[in-house]
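Below: one structure, written as structure tokens.
Quick note: the coordinates plus some simple rules give every number you see, no bench work behind them. Just so it is clear, the model here is predicted, and its values are computed rather than measured. Cβ placement follows ideal geometry from the backbone for every residue including glycine, while neighbour counts extend to all protein chains displayed.
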């Protein structure tokens, strides 16, 4: 719930400020978004299963994004689409985390009722 | 407490993600990802433009250095004159209005021999067309200057059959025909002897053809007139 509100606020802020990133950086930002999204899902899962750790979350949030951007850059220079690796890994993890969150939430609601 | 902390972090993180998404979507309205075909087209277009730019740069550099020469020398006039003279000489060289020399090949074409008491048959004669085709072969092989029996061949030559002789550019020439051409010896020679050219066909026919390389061929200037009364420059 919090995540959606935050996402909405972020998007609205972004639209209001209307910051344009140069088209050159577009792929980097896309991958960075994916990495961040992955961290957010991880944090959600952690908060639901009560083992959230702020230091791990923050380091993952920025570290993953930075690593993903670095990989995109390297791939660009080498001529191999390495960013695919980042996209696949992060995508897979997002789905994994989402599945676990689902399970936890459903279990919770069931135990409540 | 711990849950509260995580909520705050997730909130901040999602704001950041939302910001990033909004920033990225802002200009992605006009999708900046190309499909393969578009990419290829764009790539080719870019290459074309690059080479165009290079050409223009070269051109610019040449013109600029020329201009520099005109402008920046102490003896401006002489420099300009020398440059103009150089250009005129070069143009003469290309036009064929100056004597030239260089390595190349010599071709001798002669009518075939008839049996005693018989007239020469058509196949044993060299025709105007043959001469023109041989010249064409030479041009194809990259000859830079060509002469037939001492008569310089330039772009507006014509050849006519005039009975016993051939009318080349108004000058009557008779066999044997000495054709000389300046250019890359090996290329010319190989082209004429190895490739499927008219010269080779002639050689296999009933006329006599002799081709030889020569190191220093002299070709005289074109002496005819160049008359132009209908041509006009198009204003760019």
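Mind pulling the angle between the C-alpha long axis of helix A:2-17 and the longest principal axis of chain A? Nearest 10 degrees, somewhere in 0 to 90.
30
Computed on alpha carbon atoms, what radius of gyration and Dmax characterise the protein assembly as shown, expressed in Å?
For the protein assembly as shown, the Cα-based Rg and Dmax read 40.6, 129 Å.
Give me the number: length gained by fully extending residue B:195 to residue B:129, i.e. 0.36 nm times residue separation minus the C-alpha to C-alpha distance, one decimal in nm.
My answer for the length gained is 21.9 nm.
Separation of region A:60-113 and region B:43-96 by C-alpha centroid, Å?
Spelled out, the Cα-based centre of one part sits 60 Å from the other.
Separation between the residue A:62 and residue A:26 pseudo-spin-labels, each 7 Å from Cα along Cα→Cβ, expressed in nm?
Output for this residue pair reads 2.9 nm.
At a Förster distance of 30 Å, what's the computed FRET efficiency of residue B:71 paired with residue B:45, Cβ-Cβ distance as r, to 0.05?
0.20
Neighbour counts of other C-beta atoms within 10 Å: give me B:180, A:111 arranged from fewest to most.
Least to most surrounded, the residues fall as A:111, B:180.
Per 0.36 nm of contour for each residue apart, how much would the distance between residue A:98 and residue A:5 grow if the chain were fully extended, relative to their Cα-Cα spacing?
Residue separation times 0.36 nm, minus the Cα-Cα distance, leaves 31.7 nm.
Assuming R0 = 22 Å, can you tell me the calculated FRET efficiency for the pair residue B:210 and residue B:187, based on Cβ-Cβ distance, to the nearest 0.05?
0.75
Between residue B:78 and residue B:167, how many nm apart are label points set 7 Å from Cα along the C-beta direction?
The two pseudo-label positions are separated by 5.2 nm.
What does the extension gain come out to for residue A:106 and residue A:54, with contour length at 0.36 nm per residue minus their alpha carbon separation?
16.2 nm
Using the basic label-point model (7 angstrom from Cα toward the beta carbon), what is the residue B:59 to residue B:113 distance in nanometres?
If labels sit at residue B:59 and residue B:113, their model points lie 5.9 nm apart.
Set the Förster distance to 56 Å, then compute FRET efficiency between residue B:99 and residue A:74 from the Cβ-Cβ distance, nearest 0.05.
0.30
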